[in-house]
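The values are calculated or read from the model by the stated rules, or taken from the named source; none is laboratory data. Because the structure is a prediction, the values reported are computed rather than measured. Heads up, the Cβs are rebuilt from the backbone with ideal geometry, glycines too, and the neighbour counts pull from every protein chain shown.
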Amino acid sequence: MKHAAIVGIGAYLPERRLTNADLERMVDTTDEWIVTRTGIRERRIAADHETTSSLGAEAARAALGDAGLGPADIDLIVLGTSSPDHIFPSTAALVQARLGCTCPAVDVMAACTSFIYALQHATSSIESGRAKRVLVIGAEVFSRLIDWTDRGTCVLFGDGAGALVLEASDEAGVLGIELGADGTGADVLTVKAGGSAFPATVERIEAREHLVQMAGSEVFKFAVRVIPEAVRAALASSDLSVADARWFIPHQANQRILDTMADRLGVPHDRVFSNIANLGNTSAASIPLAMNDLYTTGNLRPGDVLALVGFGAGLTWGAAVVRWTKGAR
Ligand code: COA
C-alpha cells in the first residue's frame, strides 16, 4: 500500500489587520478582556473582493509552488471550510477553476474540524490508490458569518487559508487519524439559517439567524475534554505516545484551551504551537496556517512527529499524526 506524504505547503492571509483596539470602538469590550480570556491580539479580515475560494486558491498556489508542481499534476482537491462561497457550487470547484486544474474537487464541511476531515479524505484516496497527488485546503472568510454586534463571538474569529500537497509515497507521512462527531451537541455552535431547515427570510436575517451563534463556555468544556482523548487515540493508532510528538498543532480557538490541552497531556506549553495572538480563530484554516508558520520559521525537521487536532461545531473533533518527511526550510 502507498502512504500519503506531504510534499508541499502554502498559506495566504488577507492584508487587513483588525486589532483589539479596533474592536473596542465597535463593541463593549477591552483589549485586556480579549487578551486575558482568549490570547488574541489581532486577526486578519478579507478585503471586499476576496472570498473563501480566492483565499483557498492563493494558499493552494503557494503549496503547489513549494512542491514544484503545476495544476495538471493534481488529481483531487479536497477543501475544508465552514464559510463556503455558496451552498453550491462547492468552493473546491471554484478553487479548481481558479487554479486551472481539471481534477475532481469536493468540499468537506465539519466546521473547525474540516481540515482534519479533509486530510482523512485525501489520505484515504491516496492509500486506496484512487489518487496520486491531492491538494488539501483549509480556507475561511469567517468574518462574513460574524455578528459584528455580538461581543461574545466577534472578538474571536479571523480569515485565512492554508494548503498541503499530499503525494503517494513508500514513506509514511500521514500516520493515524481519529475522527469523532456528536450531533446531540448541534445547538451549542451554529449558523442556523440559510440552509434547507431555515431558508433565508427577511425575519430570520433581522433576527441574525444567518450569523454565528455560540454558547462559548459549553464549547470550551467540550474542547478541553475531547482534545487530549483524540490526540492520545491518534498517537496510539500510530504506535506512538505523547513523548514521541515534537509539536502539538491544535486548532487555534483560545489560548486557554491550548494551555489546558498542554497540561492535560503533560507536555510543556512551548510544544503546543500557537499563533492565535496574531490570527485569532481561522476555523478550518488554522491548522495548515500553523503548520506553515512552523515550516517557514525553520522549526520543522525531517522525521518530526506532529500531532494535529481540530474541534468545533457539529459537534466534531479529529486528530491526525503526521511525520514530516519534507526537508527543513
Ligand atoms: N468583552 C467583554 N466582556 C465580554 C465579552 C467581550 N468580548 N464577551 C463576553 N463578555 C462577558 C459576558 O457577557 C459575561 O458577562 P456577564 O458575567 O456580565 O454575563 C462575561 O464576559 C463572562 O462570559 P463567559 O461567556 O462566561 O466568558 P468565558 O470566560 O467563558 O469566555 C469565551 C468567553 C467565548 C472567550 C470562551 O467561552 C471561549 O473561548 N469558548 C470557546 C469558544 C470557541 O473556541 N469557539 C470556537 C470553537 S471552534
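A single member of Gly310, Gly280 is of a type in the set (Gly, Ala, Ser), touching a Leu at 6+ places or on another chain (Cβ under 7 Å), at pLDDT 95 or above and within 14 Å of the ligand (Cβ to nearest atom), and it is Gly280. When Asp147, Asp107 are screened for being of a type in the set (D, E, K, R), in a loop (DSSP other than H, G, I, E, B) and modelled with pLDDT of 95 or more, only Asp147 passes. Of all the residues that make up the stretch 11-30, how many are buried (at least 17 other Cβ atoms within 10 Å of the Cβ) and under 10 Å from Val155 (Cα atoms)? Number satisfying all stated conditions: 4. Summed over the stretch 280-305, the residues that are over 23 Å from Arg44 (Cβ atoms) and buried (at least 23 other Cβ atoms within 10 Å of the Cβ) give a count of 0.
From Phe142, Phe88, Phe115, grab the single residue that is without any contact (Cβ under 8 Å) to a residue 12 or more places away in the chain and either farther than 26 Å from Tyr295 by Cα or buried (at least 24 other Cβ atoms within 10 Å of the Cβ) (or both). The match here is Phe88. Every condition in (1) assigned to a helix (DSSP H, G or I); (2) in contact with a Pro (Cβ under 7 Å, 6 or more places away or on another chain) holds for Leu23 except the one numbered (2). Taken over the stretch 239-265, the criterion of being among the acidic types (Asp, Glu) and within 16 Å of the ligand (Cβ to nearest atom) is satisfied by Asp259 alone.
The requirement of being buried (at least 17 other Cβ atoms within 10 Å of the Cβ) and among the small types (Gly, Ala, Ser) is satisfied by Ala46. In this entry, Leu166 is excluded by the filter for residues that are in a strand (DSSP E or B) and either under 30 Å from Glu24 (Cβ atoms) or within 16 Å of the ligand (Cβ to nearest atom) (or both).
Against the list (1) out of contact with any Leu (no Cβ under 8 Å at 6 or more places or on another chain); (2) within 16 Å of the ligand (Cβ to nearest atom); (3) among the small types (Gly, Ala, Ser), the condition Gly298 fails is (2).
Taken together, the residues in the stretch 29-73 that are farther than 19 Å from Ala11 by Cβ and in a helix (DSSP H, G or I) amount to 10. Just one of the numbered conditions (1) touching a strand residue (DSSP E or B) at 6+ places or on another chain (Cβ under 9 Å); (2) at negative phi is not true of Thr149: (1).
All of Val155, Val174 fail the test of being within 16 Å of the ligand (Cβ to nearest atom), surrounded by 17 or more Cβ atoms within 10 Å (Cβ to Cβ) and modelled with pLDDT of 95 or more, apart from Val155.
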